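Every number in this text was worked out from the coordinates using simple rules, so none of it is lab data. Not measured: the values here are computed from a predicted model. Ideal geometry is used to build each Cβ from the backbone, glycine not excepted, and the neighbour counts take in all protein chains shown.
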Amino acid sequence: MNWLEFSYLLPLFIIGCGAVILMLLSPVERLSMENFSVLTFVFLTMALIGNLYYFGELRTSFPLANIFSNMIIDDSYAVYFDSILLSGGVVTSLIGTHYFQTKRKFKKEFFSLFLFSLFGMMLLVHANELLTAFIGLEIASLSLYVMIGFQKFDTRRVEASYQYLVLGSISGVFFLLGTALIYAGTGTTMLGEIGYAVDAQVGKDTSLVLIGGTFILMTFLFKISAFPFHNWTLDVYDGSPLPVTAFMAATFKVAIFGFILRIMLVDLDPIREMWDKLFVFIIIATLMYGSFMAVIQKSLKRMLAASSIVHTGYLLIAFVSIGVAGESASSSIIYYLVAYFLSAMGAFGLISYITSNDQLRVTYEDFRGFAHIHPYMAAMLSIFMLSLAGLPGTIGFIGKFYIFTGAIEAGYTVLAVVGVTATFVSIYYYFKLIALMYFYPYSDLENVPPLRGITPITIGFIAIAVIAGGLGNTFIAYFPGVDFLIDNARLSYMSLFIK
Amino acid sequence: MHIGILSIIIFLPMAVAFLMLILPIKQQGTRNVAFVVSLVIFFLALYIYNNFQLTGYMQLREFYPWIQTYGIHYSVGIDGFSLIVLMLIATLIPSAYLLLWNNERSKIYWVSMLFIQSGISGTLFSLDLILFYFFWEAMLLPVFMIIGLFGSGNRVFSTLKVTIYTMMGSLFMFVSILYLGVAFYYEFGSWSFELNDIVQITTISYEHKILLFLSFMLAFAIKIPLFPFHSWLLETYSNSPTGGVFLLSSIMAKLGVYALVRFVLPIFPELFKEFAPWLIGLGLFGLLYFGIAAISQYNIKKMFAYSSASHLGFITAGIFSLNAVGMMGGAFLVVAHAISTGGLFLLVGIMERNLGIRSISALGGIAKKAPLFTFFFAIMLLCIVGIPGTNGFVAELLIILGLFKFNVYVGVIAATTVLVAASYMFWMFQKAILENRGNDVSEMIDLNVKEVLGLLPLVGLIIGMGIYPEWFLYKIEPTIQHYLIDILHIGANV
């Protein structure tokens, strides 16, 4: 056993074992929900610390090759994504604390499933082989299906869970079919080797790989809810418990992008431009559809769900730009994922906290005059809305700056203009909430829990991070700011090409 | 001269605003502190003014890396044109505080005013395009708050409308800024958004340049507002609280003109020349169109809203006249108009506080009730109309001269249409203030000491600059010459 190589995989190992331990402990009556949420937090923090130990180091390795036979890779890229995913886990568990404790219908197995889904996502990011990736993807998805429908007395939850299950499984099948076709075309499912095989075939017939890649992309588009595979998003996000929605919207997307960028940047690089025209169409449709849906929503949760489609569109703008402006576009994707993750996590988390004592539908109107009774929560919610809208001074602005710069650099100025138009529309539905909160004198929202406990503190920290990420590090010395994140994103990009 | 003084001017109000938000200080305390801050800034600005060197170039440069990966810098500086706008803002804001003293009774109001002052100063000094965009947008949020929280009528809708309207312009400008940055990167191999670097780009084709130019123009034209981009104006002005209208009309709009000269002129000098006739036409058309629109208004605030837009069209025409006289006239009218229109809106605010919102026909006989009010109102009004002895006269004269130099026919049109202001202003003054028509205005209270103190410097400037304009023009002349000779390559001819 090589301990150094084992230590590379330690975070993955901790999360996997943690999930199993929690599952085994769940019948023990003496342990309460609180104990479980603390245990989950401990596992997540241990894994995050283990992961951050290797953060910022340029490296590529195949740990424990004799056991996993190169199917699992550990490079700076995976470490960066793991950090985002694990932070997502930590934040979800902290934000969810209040929610899970007040809504008594959750069972202890929930936390085990939560760790399992995180394990699946991490596996996806570490996968160096298509079937391993599929296993990771399905572990993550299956756990999420159950997490969504956990409150089985609520028909909305069950409907959302079932819809996601059926559609998600179909999209999973596409992935398998794509894998089979790529195997037929190249004779391997290992990521590096696919690249060599495709390189050798360029100029000859690459149709099998092309079709296989298209199928895999379809799964990818489904999971990140891009046009035309977006129909499930609104209902599923709306039907899920809010912390789970936050987890899905912010974290799952990160993992999917983590895998698809790896395969697109390295293995399918020679034939990638064949999809470019298709992507331009998909992006414009995604942005338009998402904006339209977000504008007409009355429910805040559905608006955030629809706006997540728009943010997928922005990410895809950077995704299509990686052909020409590889480094800046892919690091802009990574940066934007962090930006979106923070803002969305904060917004979903705060709304879940505000409404956790009630069975509200959470419409815009519920927030009328909210700021006059709860100024701090309103301020935080405004910060998240501004960041999602990409106003200067927030991390969302820097994220958009990178994405649009990358797009123009790659020659897709038209897409940048379309993206800006979508941003312009988004001002309406984000500012509407701020206007409602501040410009009406009284509030009907009752049963708002006081600012106490771990959840508001976490959300407060996220709000500070959103501002700090938007100001850069001139203002606060030695604080991880814009340059730190983007430099490390570039480092992780470089690690993909170390042979 | 001390380096760092510009940063103090930018960040002092912001820092104080944050402090006020955190500390449990009541409305009055916040207002007093904010007033003191504005006075401090006034004296800092005075210090800069006295030590300003008469060159056409940037002074007091500050340059720190901000986001290094993309070569974005915190880069600020000041030249003659920014200097006069700085002086204008530094004088107007303390005056506005004095006139708004008892008008608004909320802490958020004063905190927003502080934030706005930071945003304005940042916009004014930025020499990096991203930094400029940062402040340009950041300036919007506190205004959003002021209109939405303290406005009247359908304020929520008009707040959203003005926000979305201005955002539309600035977002397209944002894409253009990024395009310029990328063009610089492809030509020189390193990233920069610094104005001095961006002007060196040579690779952009003519067609693309026009698109970039138009998107910059759109952002500024909406803010000013130039003719077809004014549809947010009336509703926003009439639904805003006094402070909001004051900020929008006498400061934000002038910043639109300022940004036009600061960024569009050096980045697109050829297009600036090429489009000049069109923009002069647009400006003069706006002058006439908004003037006629003002005649038909029955509400003073709405009338002033159109009157303000009308003069801004005239300022734009002066800026695009492509000679020193016209441009100096434009800069001069920026100051003159900001002072007089700002003063008028603040005075109308006082009238509204006493009498409520009324149409002109429900007023009348105020002169008897409030002679001091009438006196100041008259001076501001005369300045707007451009009566000799006020700075409005000097400014309008210079612009008309500039336009004559540009083209005789344009000059004739300008000289005749500028009189439109006289028609509605005097009519309104007679109906609303002088003539006693039996309407009950007994609740009108005359100005108190604070308000008079706030207005006196403005009156001093109006008359001082009107009688001895040279005292003011010599500071800005080298800068204008620099624009004309070094950037636009037009010979100097004063």
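If only the Cβ of Lys and Arg carry +1 and only the Cβ of Asp and Glu carry -1, the dipole of the range B:258-412 around its Cα centre is close to 500 debye.
Computed over chain A, relative contact order equals 16 percent, with contacts defined as Cα pairs under 8 Å that lie 6+ residues apart. What is the Cα centroid distance between the range A:400-463 and the range B:407-462, reported in whole angstrom? If we compute the Cα centre of each part, the gap is 43 Å.
Applying the criteria of a DSSP loop state and at most 16 other Cβ atoms within 10 Å to the trypsin sites (Lys or Arg not before Pro) of the range B:407-494 yields B:R437.
Computed from the Cα positions only, the extents of the range B:274-494 along the three principal axes stand at 60, 34, 22 Å, in decreasing order.
3J(HN,Hα) along the range B:376-385: 5, 4, 5, 5, 4, 5, 5, 5, 5, 5 Hz, from the Karplus curve 6.51 cos²θ - 1.76 cosθ + 1.60 with θ = phi - 60°, whole Hz, x for Gly and Pro.
Computed from the Cα positions only, the extents of the range B:1-148 along the three principal axes stand at 43, 38, 24 Å, in decreasing order.
The alpha-carbon of B:K369 sits under 21 angstrom from the alpha-carbons of these lysines, leaving out residues fewer than 8 places away in its chain: B:K301, B:K431, B:K450. When the charge dipole of chain A is built from unit charges on Cβ atoms (+1 for Lys and Arg, -1 for Asp and Glu) and taken about the Cα centre, the candidate among A:S225, A:A468, A:P27 whose Cα reaches farthest toward its positive end is A:P27. To the nearest µm²/s, what D does Stokes-Einstein give for the protein assembly as shown at 37 °C and 0.692 mPa s, using the Kirkwood radius over alpha carbon pairs as Rh? Rounded to a whole number, D works out at 109 µm²/s. Shape index of chain B: Rg/Rh, with Rg the Cα radius of gyration and Rh the Kirkwood radius from the inverse mean 1/r over Cα pairs, equals 0.95. By the rule of a C-alpha distance below 30 Å, with chain neighbours fewer than 8 residues away ignored, the lysines paired with A:K107 are A:K152, A:K223, A:K253, A:K301.
Candidate cross-link partners of B:K209 among the aspartates and glutamates, defined by an alpha-carbon separation under 14 Å and a same-chain spacing of 8 or more, comprise B:E270, B:E274. Calculated on the alpha-carbon coordinates, the convex hull of the range A:366-444 measures out at 70 cubic angstrom per residue.
Return the whole-Å distance between the Cα centroid of the range A:71-122 and the Cα centroid of the range A:268-318. Distance between centres, Cα-based: 25 Å. Per-residue ellipticity at 222 nm, computed for chain B from helices alone with -39500 (n - 2.57) per DSSP H run of at least four residues, works out to -23000 deg cm²/dmol. Partner shielding of B:62-71 amounts to 5, given as the average count of beta-carbon atoms from other chains within 10 Å of each residue beta-carbon.
In a DSSP loop and with at most 14 other Cβ atoms within 10 Å, there are no chymotrypsin sites (Phe, Trp or Tyr not before Pro) in the range B:145-243. Karplus-based coupling profile of the range B:339-347, in residue order and whole Hz: 5, 6, 6, x, x, 5, 5, 5, 5, with θ = phi - 60° in 6.51 cos²θ - 1.76 cosθ + 1.60 and x standing for Gly or Pro. The sum of -39500 (n - 2.57) across all DSSP H runs of n ≥ 4, divided by the residue count of chain A, sets its helix-only mean residue ellipticity at 222 nm to -23500 deg cm²/dmol. Quick check: the distance between the Cα centres of the range A:175-239 and the range B:321-394, to the nearest angstrom? About 68 Å separates the Cα centre of the range A:175-239 from the one of the range B:321-394.
Principal semi-axes of the equivalent ellipsoid, √(5λ) from the alpha carbon gyration tensor of the range B:347-419, are 35, 13, 9 Å from largest down.
Peptide B:153-162 has a mean shielding of 2, counted as Cβ atoms of other protein chains within 10 Å of each residue's Cβ.
Amide H to amide H distances under 5 Å link B:N299 with B:I360, where only residues 5 or more positions off or on other chains count and H is placed in the peptide plane.
Distance distribution note for the range A:18-149: the fraction of Cα pairs above 17 angstrom is 61%.
Shape annotation for chain A: C-alpha extents along the principal axes are 69, 57, 49 Å, from largest to smallest.
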